[in-house]
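Structure record follows, encoded as structure tokens.
We did not get these values from a lab; they are worked out from the coordinates using the rules stated. The model shown is predicted, which means the values in this text are computed figures rather than measured ones. Cβ placement follows ideal geometry from the backbone for every residue including glycine, while neighbour counts extend to all protein chains displayed.
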Amino acid sequence: MKTEFLKVTGMTCGGCVNSLTRALKSINGVDGVQVELSTGDTQVQYDENFTTSDQLRSAVKNAGYGLVG
Ligand SMILES: [Cu+2]
């Protein structure tokens, strides 16, 4: 299990937190997601045998949000 730290931009409310969380949790191999609305700091626990950092990042963008770095 690995933890990915992402800085997500474009979230404005609790609904954004929910949709981002749902998008990440729908990825096979993702075990836990914590999203901090005020800072965009997002932690994702995932099994590296099933998914990759790149896939997590794509899911954030596909959900309509941005990433710093
Ligand atoms: Cu929102």
So is S26 farther than 22 Å from T51 by Cβ, of a type outside the set (A, V, I, L, M) and either in contact with a Ser or Thr (Cβ under 8 Å, 6 or more places away or on another chain) or exposed (fewer than 11 other Cβ atoms within 10 Å of the Cβ) (or both) or not? no
What pairs come out if I take residues in region 10-25 that are hydroxyl-bearing (S, T, Y) and pair them with residues that are more than 7 Å from the ligand (Cβ to nearest atom) whose C-beta lies under 9 Å away, six or more apart or interchain? T12/L37; S19/A63; S19/G64; S19/Y65; T21/V33; T21/Q34; T21/V35; T21/T42
Give the number of residues within region 1-44 that are closer than 13 Å to L67 by Cβ, in a strand (DSSP E or B) and away from the ligand (no atom under 15 Å from the Cβ). 6
Give the number of residues within region 29-53 that are touching a residue at least 40 places away in the same chain (Cβ under 8 Å) and loosely packed, with under 13 Cβ neighbours inside 10 Å. 2
Among the residues that make up region 48-57, is at least one of them part of a strand (DSSP E or B), closer than 10 Å to E4 by Cα, more than 9 Å from the chain's Cα centre (by Cα) and among the hydroxyl-bearing types (S, T, Y)? no
